[in-house]
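Encoded as structure tokens, the structure appears first; notes follow it.
The values are calculated or read from the model by the stated rules, or taken from the named source; none is laboratory data. Everything quoted here is computed from the prediction, not taken from an experiment. Because the Cβ atoms are built from the backbone with ideal geometry, glycine has one as well, and the counts that use them run over all protein chains shown.
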Amino acid sequence: MKYPSQSVALPYFIGALTIFSLQLVFGLIGATMYVAPNLIPPELLPFSVVRMIHTNALIVWLLLGFFGATYFLLPEETERDIWSPMLAKVQFWLFFVAAAVAVVGYLFGNYDGRSYLEQPIYIKVGIVVVALMFLLNISMTALAGRRTVITGILLMGLWGVAIFFLFAFYVPANVVIDKMFWWWVVHLWVEGVWELVMAAILAFLLIKLTGVDREVVEKWLYVIIGTALFSGILGTGHHYYWIGAPAYWQWIGTIFSAVEPLPFFAMVLFAFAMVWKGRRDHPNHAALLWSLGCAVTAFFGAGVLGFLHTLAPVNYYTHGTQVTAAHGHLAFYGAYAMVNLAIITYAMPPLLGRAPYNQTLNVLSFWTMTTGVGVMSAALTFAGVLQTHLERVMGQDYMDVQQQLGLFYTIRLYGGVMTAAGLVMFLIAMLVPGRRTVPVAVALAPAE
Ligand code: HEM
Ligand code: HEM
Ligand SMILES: [Fe+2]
């Protein structure tokens, strides 16, 4: 580690892995409820609360990971320490405690009804305070240091994340308008500004791991963010088809969102091109595997499964079926879980002052977790296609159809167990000291 202040990333990464574990526990409970609906009495723990904790935990750990990644890479990019490491530590605890209070609140029925934005108002205000502390800290760091394209895009993405979150406070009485702005947070995050964050983190990792020239990486970054913003902003229209918005959104949403796979495809080309061009054989092979896997899986989850149901005439049938859940899982995992696991794999050894240890277990966790999520998404895709046909084409009753999908929900549960097993391996590979396979001096040598 070149800069002492990079160490503030450590609690963020450990916090992220903790909440990722919580997310999977609630995912497994939810999947079990699908298979055995009477196992847990709904008065005790309703499915809706389980689902809410699962999805909220997802967002919280991904954000923790992004914060940690930023604190880790910013000093190396700007060539100076974090403006205030103290503020970064306070920010971590404030966010972590707010998340814990929110989860406990959910268990006791204290939530607002809008998916992903269920946090009560005081938690939302807490999140804004956290965001301001973070933006102040990283902007002061960036302004005083070396300017790079990676820093610029990362900061643009993170400012965007905070600005769009402000729409969580706008709750118009009109349900159509309410939905329109709800998507400004949910869609413009994952299909807009988060893509910038993802591209910046991947670019940082690829420079470190392959040794390619910054100039080459920067050209790719412009293509990726150009196509992401061009397609993603008006692509929001694919959520306006059936909410009561004007019909022209069916054209706008269809045309622009059909282009949305492009930035994800560009990221695949980018990642592999950098590896082919690269001269460096960095000892952390697992981090490179996660980086390449991230680009590929994100393309399948977001690009392919997203495109599958994004055209208005298709979405007319598939809207809100298990096809959506299949896509949601593979896209979130491939793009944002994996980019976090990649930077954690890269950063954890220097943060803990160790060599890139337990490579084999980490690589095994990559394949187990990715296959697990792949199995879940495949099962849900089959369930979704069948559901679409029986319910939307044949006109069968919703519950009658659900009864016929039991096999797929059982397979999804097995895929979930596999995913969780992969996470356990990852935690051991990261946190339990292992045999040294590479001399520390080599592993910790400054990469640039
Ligand atoms: C990494 C990026 C992406 C993530 C994390 C993601 C995640 C999600 C999630 C969680 C939902 C469900 C939202 C809800 O109804 O509560 C959703 C819906 C949707 N996504 Fe994505 N998505 C991504 C990229 C894409 C792309 C690139 C496309 C199009 C090519 C796309 C097309 C859609 C469509 C059409 C829906 C609505 C499904 C419906 O009508 O039920 N997504 N996405
Ligand atoms: C142990 C593994 C997992 C299991 C068993 C699991 C199970 C579930 C279940 C049962 C639901 C509720 C579906 C419904 O309402 O019908 C759900 C929703 C969701 N899960 Fe998971 N999950 C797991 C892992 C993950 C991972 C790794 C991610 C992303 C990185 C993820 C992202 C989501 C999202 C975005 C939703 C909302 C989907 C939508 O709105 O369509 N889950 N999950
Ligand atoms: Fe979207």
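In the set (1) within 16 Å of ligand 3 (Cβ to nearest atom); (2) out of contact with any Phe, Trp or Tyr (no Cβ under 7 Å at 6 or more places or on another chain); (3) not polar (S, T, N, Q), the condition left unmet by Trp194 is number (2).
Does region 210-222 contain at least one residue that is under 30 Å from Met86 (Cβ atoms), in contact with a Gly (Cβ under 9 Å, 6 or more places away or on another chain) and either within 16 Å of ligand 1 (Cβ to nearest atom) or aliphatic (A, V, I, L, M) (or both)?
There is no residue in region 210-222 that is under 30 Å from Met86 (Cβ atoms), in contact with a Gly (Cβ under 9 Å, 6 or more places away or on another chain) and either within 16 Å of ligand 1 (Cβ to nearest atom) or aliphatic (A, V, I, L, M) (or both).
With the structure loaded, tell me whether Met52 is at pLDDT 95 or above and in contact with an Asp or Glu (Cβ under 7 Å, 6 or more places away or on another chain) or whether it fails that test. It is true that Met52 is at pLDDT 95 or above and in contact with an Asp or Glu (Cβ under 7 Å, 6 or more places away or on another chain).
Against the test of being more than 16 Å from ligand 2 (Cβ to nearest atom), touching a residue at least 24 places away in the same chain (Cβ under 8 Å), within 23 Å of Phe230 (Cβ to Cβ) and in a helix (DSSP H, G or I), the options Phe164, Phe204, Phe134 yield a single qualifying residue, Phe164. Scanning region 182-217 for residues that are surrounded by fewer than 20 Cβ atoms within 10 Å (Cβ to Cβ) and among the acidic types (Asp, Glu) yields Asp213, Glu215. State yes or no: is Leu155 in a helix (DSSP H, G or I), surrounded by 21 or more Cβ atoms within 10 Å (Cβ to Cβ), within 16 Å of ligand 1 (Cβ to nearest atom) and at pLDDT 95 or above? It is false that Leu155 is in a helix (DSSP H, G or I), surrounded by 21 or more Cβ atoms within 10 Å (Cβ to Cβ), within 16 Å of ligand 1 (Cβ to nearest atom) and at pLDDT 95 or above. With respect to (1) surrounded by 17 or more Cβ atoms within 10 Å (Cβ to Cβ); (2) of a type outside the set (Val, Ile, Thr); (3) within 22 Å of the chain's Cα centre (by Cα), the lone exception for Met274 is condition (3).
With respect to the stated conditions, Tyr357 is part of a loop (DSSP other than H, G, I, E, B) and either more than 16 Å from ligand 1 (Cβ to nearest atom) or in contact with a strand residue (DSSP E or B) (Cβ under 7 Å, 6 or more places away or on another chain) (or both).
Quick check on Tyr3: is it within 22 Å of Val149 (Cα to Cα) and either crowded, with 20+ Cβ neighbours inside 10 Å or in contact (Cβ under 8 Å) with a residue 40 or more places away in the chain (or both)? Against the criterion (within 22 Å of Val149 (Cα to Cα) and either crowded, with 20+ Cβ neighbours inside 10 Å or in contact (Cβ under 8 Å) with a residue 40 or more places away in the chain (or both)), Tyr3 qualifies.
For the residues Phe92, Phe66, the requirement of being crowded, with 23+ Cβ neighbours inside 10 Å and either over 23 Å from Ile225 (Cβ atoms) or among the charged types (D, E, K, R) (or both) singles out Phe92. Listed by position, the helices (runs of 4 or more DSSP H) contained in region 237-351 that have at least 3 residues being touching a His at 6+ places or on another chain (Cβ under 9 Å) are 248-258, 305-308, 312-318, 322-331. Would you call Tyr241 at pLDDT 95 or above and either within 13 Å of ligand 3 (Cβ to nearest atom) or under 21 Å from the mean Cα position of the chain (by Cα) (or both)? In short, yes.
So that you can scan it fast, the table gives a plain yes or no per residue for (1) at pLDDT 95 or above; (2) away from ligand 3 (no atom under 13 Å from the Cβ); (3) more than 20 Å from the chain's Cα centre (by Cα):
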residue: Gly226; (1), (2), (3): yes, yes, yes
residue: Leu229; (1), (2), (3): yes, yes, no
residue: Gly232; (1), (2), (3): yes, no, no
residue: Thr236; (1), (2), (3): yes, no, no
residue: Pro246; (1), (2), (3): yes, yes, yes
residue: Trp249; (1), (2), (3): yes, no, yes
residue: Ser257; (1), (2), (3): yes, no, no
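Scanning region 253-296 for residues that are within 12 Å of ligand 1 (Cβ to nearest atom) and out of contact with any Asp or Glu (no Cβ under 9 Å at 6 or more places or on another chain) yields Gly253, Thr254, Ile255, Phe256, Ala258, Val259, Pro261, Leu262, Phe265, Cys294, Ala295. Checking every residue in region 169-181 against the condition of being in contact with a helix residue (DSSP H, G or I) (Cβ under 8 Å, 6 or more places away or on another chain) and crowded, with 19+ Cβ neighbours inside 10 Å gives zero matches.
The residues of region 18-58 that are loosely packed, with under 15 Cβ neighbours inside 10 Å and touching a Ser or Thr at 6+ places or on another chain (Cβ under 8 Å), listed by number, are Val35, Leu39.
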